[in-house]
Amino acid sequence: MLKRTPFYDFHVSAGAKLVDFAGWEMPLLYRGIVPEHEHTRNSASIFDVSHMGRLYFSGKEAPAFLNRALTRNVADQKVGQSRYSLVCNESGGVLDDVIISRDTKNWILVCNASNRPKILSHFNQLRRAWNMDFDLADQTEATGMVAIQGPKVIDKLSSILPVDLTNLKRYHFETSSFMLVKLTVFRSGYTGEDGVEIILPGKMASMAMKLLAGKLDRPDATIQPAGLGARDTLRLEAGMPLYGHELSEQIDPLSAGLAFAVDLNKDFVGAEALRSIAQAGPKRKLVGLELEGRRIARQEMPVLLDNQPVGAITSGTFGPTVQKSIAMAFVDASHAAEGTMLNVDLKGSQVPAKIVKLPFYKRPTK
């Protein structure tokens, strides 16, 4: 039986098309992927992301454990700061990409829904192997989580939330209480837009939806609901990786362009393998592609040079904002330079594609 988030009743009442996503009954769309995408870029959207794992670490050895289990150096991480990081296997492949946040008493790790059981098992195995003492609590099903994204989010929520959002820096967070409800508000997201992500008790989900979003059913509402379909087109325009596409246990973070999240000066699971890859240079690189025409490239479609395969598509869509057929692909490093012209085999017909700098879309600066 599929799991349901605390916002399930809201999704039904809002007319969402619900689908199975990593064992959760989640909204794919409400009004349509393109309208929801465009509303996020122009105003604000609220996404239910409660399916993502929320793991809480505490105890004196928790920081040391996380520093050995994650690729990012968390030793100097301040209270109220979040960092993007990765969990790797010994060969340097990615078990998951995560956000790690340091609170006053806990470390909060948000992982992908499909990887939560694997990550919990991995962490417990490491804890036993390293004989480290700390507490690990899986709060996923006891809490809810929403992402509110778009250029009007900060102004809209500043008068509602008990947090100074205007002065809250990107990838920082605050934990506060509002009407006796504990909220953790992060200035982060997965759309390329400004906005926040909020963790709250699951039992307060219904009240929180009304409080945060107001009258969502009004056609002129500043904040409207958006589903997983728009979340995917938004993240792809923003050049953000998706596990199972740009990341997997067979893909290392250096090849995926995530060297900023890997500290090779410290020891962690997979460090030795990644040092070897860094020294030799990745054999393939993740690149952005702009395709001619409107046809969409799909995962695993071949990327060709002179009729010879030099790579494969990882994700593709027609970008509603950039108005182009865009894709990400792993390409042989020798052919991965920006401006290189390649072809994508779209089920038997070759379509020209140019390697371009990621991301495809950047939020306009004020």
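Coordinate-derived values only; no laboratory data. All of these numbers come straight from a predicted model, not from anything done at the bench. Note that each Cβ is placed from the backbone with ideal geometry, even for glycine, and that neighbours are counted across all protein chains shown.
Helices that extend 20 Å or more along their long axis by alpha-carbon positions and average at least -1.0 on the Kyte-Doolittle scale are, among the DSSP H runs of the chain, 116-130.
Distance check, please: which entries in K118/K182; K152/K362; K210/K362; K78/K169 exceed 22 angstrom between their Cα atoms? Flagged as over cut-off: K118/K182; K210/K362. I need the shape label for the range 112-271. Rule: rounded when a/c is under 1.5, else prolate if a/b > b/c, else oblate, with a, b, c from the alpha carbon gyration tensor. Judged from the Cα gyration tensor, the range 112-271 comes out prolate (a/c at least 1.5, a/b above b/c). Largest first and in whole Å, the equivalent-ellipsoid semi-axes of the range 283-356 read 17, 13, 10, each the square root of five times a Cα gyration tensor eigenvalue.
Each Cα pair under 8 Å and six or more residues apart adds its separation to the average, and for the chain the resulting relative contact order is 18 percent.
Dipole of the chain computed with +1 at Lys/Arg Cβ and -1 at Asp/Glu Cβ about the Cα centre; of T140, W107, L157, farthest Cα towards the positive end is L157.
Shown here is the pair-distance distribution of the range 1-120: with all Cα-Cα distances grouped in 10 Å bins from zero up to the longest one, the shares run 12, 34, 29, 21, 4 percent.
Structural descriptor for the range 178-281: relative contact order 17 percent, calculated from alpha carbon pairs under 8 angstrom and at least 6 residues apart.
Sorting the segments 353-360, 251-258, 274-281, 331-338 by their residues' average number of neighbouring beta-carbon atoms within 10 angstrom, most packed first, yields 251-258, 353-360, 331-338, 274-281.
Label sites at E338 and L180, each approximated as a point 7 angstrom past Cα along Cα to Cβ, lie 5.5 nm apart. Cross-link reach is defined here as a Cα-Cα straight distance under 18 Å, omitting same-chain residues fewer than 8 places apart; for K347 the aspartates and glutamates meeting it are E290, E292, E300, D306. Around the Cα centre of the chain, unit charges on the Cβ atoms of Lys, Arg, Asp and Glu (plus for the first two, minus for the last two) sum to a dipole of about 600 debye.
Considering only S315, S349, S158, the Gaussian network model of the chain with Cα springs below 10 Å gives its largest mean-square fluctuation to S349.
The label-point distance for K169 and R363, in a model that sets each label 7 Å from Cα toward Cβ, rounds to 1.6 nm. Here the peptides 290-302, 170-182, 91-103, 60-72 are ranked by packing, the mean other Cβ count within 10 Å, and the order with the highest first is 91-103, 60-72, 290-302, 170-182.
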